Every structure is written in structure tokens, then in C-alpha cells.
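Written below as C-alpha cells is the structure these notes are about.
The values are calculated or read from the model by the stated rules, or taken from the named source; none is laboratory data. Computed from a predicted structure; not experimentally measured. Here the Cβ positions follow ideal geometry from the backbone for every residue, glycine too, while neighbour counts run over all protein chains shown. To get the accessible areas, we keep the full protein, side chains included, count just its heavy atoms, and leave off ligands, DNA and RNA. Shrake-Rupley method; radii C 1.70, N 1.55, O 1.52, S 1.80 Å.
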Amino acid sequence: MSDTPCTHLDQIQEVTPSAQGCEECLKMGARWVHLRICLICGHVGCCDNSVNKHATKHYHATKHPIIQSFEKGEDWIWCYVDNLAMEPGRILYQSHR
């Protein structure tokens with residue numbers, strides 16, 4: 001984690017997950033490794049260790065810079081623009097899991 005502040009934290013919204021798994025993988029019948037949630041719009045996508053990398057594809061398509069782990073027991077967030085991982089100490093989305 002870094003001591004350098006993220007310059008995009010002001011874009012974080014109160015979001016609701018778009019799905020309980022990777023939205024695109026569920027539609028395709030594909031599998032994922034880990035899940036990430038966009039803290040701008042709530043899109044749930046698969047991580048970069050997954051074949052389809054839908055969370056990163058969502059960033060490239062929308063330019064929404066901040067995601068949070070959508071895995072139980074994890075609360076870290078990542079800013080794509082600042083290339084920065086952070087530990088907020090709390091979940092920043094409304095979970096229905």
C-alpha cells in the first residue's frame with residue numbers, strides 16, 4: 001500500500017452491486033478467479049487473474065478509476081489511474097451477499 005494519496009477518491013459513490021458474480025462472465029457462462037466492484041457505478045467484474053479481465057475492461061470502457069475487492073474478508077481498493085492500492089478499513093458498497 002502507498003502513503004501517496006489517490007487523486008480520485010472524490011469520485012466514489014454509494015453503489016449497489018450490478019450482480020453477485022462477474023456480470024459479463026455470468027452472461028457468457030464463463031468462470032472467474034476473483035471479483036471487483038466499480039465504486040463509481042457498481043459494476044461487478046472479474047480480476048486480472050481471470051481469463052476475461054472484465055473489471056479492467058470496464059475501466060477502459062468507462063474510465064471509472066476506482067474498484068474495490070468484492071471478495072469476503074477483503075476491503076482494499078485500487079485506483080487504475082494513480083496505479084495505487086489503498087486500505088480504506090471498510091466496505092464501500094452495499095452488499096446483498
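Key figures
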| quantity | calculated |
| --- | --- |
| Selection status of HIS54, open to solvent by 40 Å² or more (accessible area, probe 1.4 Å) and modelled with pLDDT of 90 or more | no |
| Residue selected from the range 1-51 under the condition free of Cβ contacts under 8 Å to residues at least 12 places away in the same chain and within 18 Å of ASN83 (Cα to Cα), by the criterion farthest from the chain's Cα centre (by Cα) | ASP3 |
| Test result for ARG31, modelled with pLDDT of 95 or more, out of contact with any Asp or Glu (no Cβ under 6 Å at 6 or more places or on another chain) and surrounded by fewer than 19 Cβ atoms within 10 Å (Cβ to Cβ) | yes |
| Residue match in the range 50-70 (condition: among the aromatic types (Phe, Trp, Tyr), in contact with an Asp or Glu (Cβ under 6 Å, 6 or more places away or on another chain) and part of a loop (DSSP other than H, G, I, E, B)) | no |
